[in-house]
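Structure, as structure tokens:
The values are calculated or read from the model by the stated rules, or taken from the named source; none is laboratory data. Please read all numbers here as calculations on a predicted model, not as lab measurements. Cβ atoms come from the backbone with ideal geometry, glycine included; neighbour counts cover every protein chain shown. Please note that ligands, DNA and RNA were not included when accessible areas were found on the heavy atoms of the full protein model with its side chains. Shrake-Rupley method; radii C 1.70, N 1.55, O 1.52, S 1.80 Å.
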Amino acid sequence: MEGLKKLENVQNIIEMMQSHGIVTSSSNVNSLRFLADLTLLLVSPCHELDVDAKCQLIIDHVPKFSHAFFEEAMRCTSEQGVEQMVNTGPFDYDDKTTNAPFQKSFEDTAMIELDAMRRANSTLEDFCRSYFMFHKMDPHQPQSIFRFLPILSFTESYIYQLDNLNEKLLQPSVWKKQPSYREYSVEAKQSGELTSVRMMNYDPFRPLCILLQQHGLLTDRVREEFNSGVEYWSLERKLCHARGSKQEISVEDVMRAIHLKSFDYRVLNLLLYQLRGEKVNDTHMEFLSTSEFLVEDDVLENSFNILRMFIGIYGASAAPPMLAKIITEAEEKYDSLLKALDPELSLNYQKRCEEATKEGGKMSGPSLGTWSIPPVIEDEDLYRSDVLNSKPSTIPE
């Protein structure tokens, strides 16, 4: 069984290399086996060395090897020792403190933390109460929720986990003009910052895509929304860094980021169509995408919101009117799409909006609530300093 498991690992790696265009099916069998064994060696546990460190070792040292060196290495290695290495494979270790030999690449394993699940709860609740009606599902029926909850909850929690990593990269102490693994200091590489950089720069949705594909849920449109998420986080880092360092901001980038921002709702909605075996309703998708337009107020953590970006582009006095113009245009499109919905669905959605408005503390005025543009913060550095200095000390007297 152990031998079959090793062969299965080798075959999986060969298929993966072919899917990534690293090798072709016509490549020499022995060459494929060698490259597969090398890959398994790189991903296998080796004390404190991660994949990046191993790759760097190869880049630094392989050019120094020569044919003569390998001939000498073969002479000084016993025939029995070489045979034992070949039979056991490059991914077996005597160190009993390491994890089990290669079963599945860590980078390809979709995992979530409890904190991410907690943060995802409010979005999941809103999704069930606001979107289930578009699938003719009752959010008040437990069986409607729990039937699809595992996939929806895992997906949203995974997205929140990535979003949390991205937020770490938005901190002024971490962010650099062109962030990359090599630009981080030794201290940063030994902290959680390195995890954030590595996850956000190297296909962060790949593990989740593999999981969804295994369950027959990964469609081109879901993958496209994942790409939207990666693009949004990249724009968020770019825009927030530019805003924080008082550099020029592109209005095109801001509007693109607004369009991409609620990609997670679209992912959940597309997955629900797949889980139910139904064709995607593009009219509903367009309406819900328009309704996802939100304005947030988050400056302390250097996060993206449209108002602070408009302040950077148009200035403190012109930003609110420009924002009001954008909101008005969005509302006009929303009203037009709302009229195109089935009357009963339109009524139910408006009732849900009324509920959300009351839950937010708005007990009077228009049933769908009103937009409230927060006070303009022109000097963000001074604002952060004042807020942080005003917080009570947590040091006991």
*Go through Arg256, Arg206, Arg223 for me and flag whichever is of a type in the set (D, E, K, R) and at pLDDT 95 or above.*
Arg223
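Would you mind stating whether Leu211 is in contact with an Asp or Glu (Cβ under 7 Å, 6 or more places away or on another chain), part of a helix (DSSP H, G or I) and in contact (Cβ under 8 Å) with a residue 40 or more places away in the chain?
No, not satisfied.
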*Can you find a residue in the range 332-341 that is buried (at least 17 other Cβ atoms within 10 Å of the Cβ) and charged (D, E, K, R)?*
no
_Among (1) surrounded by fewer than 11 Cβ atoms within 10 Å (Cβ to Cβ); (2) at pLDDT 60 or above; (3) closer than 24 Å to Met255 by Cα - the single one Ser372 does not satisfy_ = (2)
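Among residues belonging to the range 36-55 that are assigned to a helix (DSSP H, G or I) and open to solvent by 60 Å² or more (accessible area, probe 1.4 Å), point out the one that is farthest from His20 (Cα to Cα).
Only one residue fits best here, namely Leu41.
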_Matching residues, the range 306-321, being surrounded by 17 or more Cβ atoms within 10 Å (Cβ to Cβ) and either in contact with a Pro (Cβ under 7 Å, 6 or more places away or on another chain) or free of Cβ contacts under 8 Å to residues at least 60 places away in the same chain (or both)_ = Ile306, Leu307, Phe310, Ala319, Pro320
*asked:* Pairs needed: first member in the range 234-257, over 21 Å from Ala324 (Cβ atoms); second member anywhere, part of a helix (DSSP H, G or I) and among the acidic types (Asp, Glu); C-beta distance under 8 Å; at least 6 residues apart or different chains.
replied: Leu235/Asp253; Lys238/Asp253; Gly244/Glu380
*So Ala73, is it modelled with pLDDT of 90 or more, in a helix (DSSP H, G or I), among the small types (Gly, Ala, Ser) and open to solvent by less than 50 Å² (accessible area, probe 1.4 Å)*: no
